[in-house]
Amino acid sequence: MNKLASDLYRQHGLPTKGSIIKKFSDQLEIIFNQQFSTSLSYHDIYRTRKDLKTVLSIKRKLKKIPVIIRESDKSGIIHVGYKSDYDKKVLLYQEKHRHMSNYLPIH
């Protein structure tokens, strides 16, 4: 809060020990306490834990196999492919463009 008060003083000339800073600090503390002290419903806790387990399970499985995860260019969806498939595509692309470069006219 001291950093914020000193920034407000430098930028707007508000006194660092002013009552407005004290009120703001108190209101901010109340908001933080309300935000973090409200408990989740049992259903939300259950769903959060289940989602966490699913994510961790997926991460463990993906680490075991050689896959590449990337966002597709056109639709923005996530594509999971084997690394070997991508390696084959790279080789085919390089071979195709190597042959095409042989036929380019030289000026």
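The values are calculated or read from the model by the stated rules, or taken from the named source; none is laboratory data. Note that the structure is predicted; figures quoted are calculated from it, not measured. Methodologically, a virtual Cβ is constructed for each residue, glycine included, from the backbone with ideal geometry; neighbour enumeration extends over all protein chains shown.
Looking at the range 68-81 only, could you name the residues that are outside any loop (DSSP other than H, G, I, E, B) and of a type in the set (Asp, Glu)?
Glu71
Hey, does the range 59-67 have a residue that's among the aliphatic types (A, V, I, L, M), assigned to a helix (DSSP H, G or I) and either touching a Pro at 6+ places or on another chain (Cβ under 9 Å) or modelled with pLDDT of 85 or more (or both)?
Looking through the range 59-67, none of the residues is among the aliphatic types (A, V, I, L, M), assigned to a helix (DSSP H, G or I) and either touching a Pro at 6+ places or on another chain (Cβ under 9 Å) or modelled with pLDDT of 85 or more (or both).
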